[in-house]
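**Q** Pasting in a structure now, in structure tokens, and then I'll have a few things to ask.
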Amino acid sequence: MTEWKLQAEELANCNCNFGCPCQFSVLPSHGNCEAVVVFDITSGHYGDTDLAGVRAAGVYHWPGAIHEGNGQMQLIIDDGASADQRAALQAIMTGEDTDEMATMWYVFSAMAPTKHETLSAAIEVNWSREERTGYAKVHGVFDVEVSPIPHIVSGAPHRASIQLPHGFEYRHAEAASGTAKTTGSAISLTLDATHAHLAHLNISGHGVLGA
């Protein structure tokens, strides 16, 4: 197994209510699960391949809960990535060189037997985890924007976060409201003011390493 680890900033937007039932081991809000996710890698390696500065993304759809399977997925890797970096991220994000069920990428891949061709595209990111604002543009594939969850009475920015001490994705995430639309993916999604989260990832083929 090729050893790998990375740190990254993550922005995810799914179709469920704010908070995302998956985070609490509850079935999806509307019976199915679909999402877009973007990863901005700040440091890391896959074997001898440096992954710092590379970006990647994914589009996912399951007809039911993720753990029920029968899903589909499509990965997108930064068009500035080298051939080695592209191969490394392809391996990591399809669960290769990873302990069984140790990362979200392993689980997503295992539960998505339909894997569409990996795309290459420019990935532009500009978000603040602390402020819960910003966007990501996966050019020609999808756009996603996030903003603070509005307080139900005042409309003022409402702050909530999720702690997962034994999670396979992150230890802490800021919850937000997300809106996304795919334009060039094999998976068609439109999300409007649904759950989003922003998290710092510190993860390896053996699982989450810490906050």
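**Q** Taking H as built 1.01 Å from N, whose amide H comes closer than 5 Å to the amide H of TYR46, not counting residues under 5 places away?
**A** Result for TYR46 returns LEU51.
**Q** Let me ask something else. When VAL146, VAL141 are ordered from fewest to most other Cβ atoms inside 10 Å of their Cβ, what list results? Each step should come with its number before you reach the end.
**A** Details: VAL146 27, VAL141 22.
Fewest-to-most Cβ neighbours within 10 Å comes out as VAL141, VAL146.
**Q** When the Cα centres of segment 156-192 and segment 92-128 are compared, how far apart do they sit, in Å?
**A** 15
**Q** Tally Lys and Arg at +1 and Asp and Glu at -1 over the other residues with C-beta under 13 Å from the C-beta of ALA180: what net charge comes out?
**A** Numbers: positive: LYS137, LYS181; negative: GLU34, ASP143, GLU145, ASP192.
Net charge around ALA180: -2.
**Q** What is the chain's relative contact order, in percent, from Cα pairs under 8 angstrom and six or more apart in sequence? Let's see the in-between values first.
**A** On the way: 556 pairs, mean separation 50.8, N = 211.
It rounds to 24 percent for the chain.
**Q** To make sure I understand, if each residue's beta carbon is the centre and we count other beta carbons within 10 Å, what order do VAL125, VAL138, VAL37, VAL153 fall in, fewest to most? Mind dumping the intermediate values first?
**A** On the way: VAL125 17, VAL138 28, VAL37 25, VAL153 7.
So the ranking, lowest neighbour count to highest, is VAL153, VAL125, VAL37, VAL138.
**Q** Report for the chain the percent antiparallel among DSSP-assigned beta bridges with both residues inside it, nearest 5. Present the calculation step by step, with values, prior to reporting the outcome.
**A** Numbers: 68 of 73 bridges.
Looking only at bridges with both residues in the chain, the antiparallel portion is about 95 percent.
**Q** For segment 30-113, report the convex hull volume of the alpha-carbon atoms normalised per residue, in Å³, without decimals. Could you put the intermediate results ahead of the total?
**A** On the way: hull volume 7.5 nm³, N = 84.
It comes to 89 Å³ per residue, whole-number rounded.
**Q** Give the whole-number value, in cubic angstrom per residue, of the convex hull volume spanned by the C-alpha atoms of segment 41-175.
**A** Numbers: hull volume 18.8 nm³, N = 135.
So the per-residue Cα hull volume is 139 Å³.
**Q** For GLN90, what is the net charge nearby, where nearby means another residue's Cβ is under 15 Å from its Cβ and Lys, Arg count +1, Asp, Glu -1? It would help to have the intermediate numbers written out before the result.
**A** Working: positive: ARG55, ARG86, LYS115; negative: ASP78, ASP79, ASP84, GLU96, ASP97, GLU117.
With Lys, Arg at +1 and Asp, Glu at -1, the net is -3.
**Q** Restricting to Cα pairs below 8 Å that are 6+ residues apart, what does the relative contact order work out to for segment 1-89? Please round to a whole percent. Write out the running numbers ahead of the final one.
**A** Numbers: 168 pairs, mean separation 22.9, N = 89.
Taking the mean separation of contacting Cα pairs over the length of segment 1-89, I get 26 percent.
**Q** OK, next. Cut-off is 10 Å between beta-carbons; in what order do HIS139, HIS197, HIS151 appear when sorted fewest neighbours first?
**A** Details: HIS139 14, HIS197 28, HIS151 11.
Lowest count first: HIS151, HIS139, HIS197.
**Q** Taking the chain as the reference, fit the longest principal axis to its C-alpha atoms, fit the long axis of helix 83-93 to the helix C-alpha atoms, and give the angle between the two in degrees, 0 to 90, nearest 10.
**A** In the chain, helix 83-93 runs at an angle near 50 degrees to the longest axis.
None of the figures in this text is laboratory data; all of them are computed from the coordinates on show. None of the values given here were measured: they were computed from a predicted structure. Note that each Cβ is placed from the backbone with ideal geometry, even for glycine, and that neighbours are counted across all protein chains shown.
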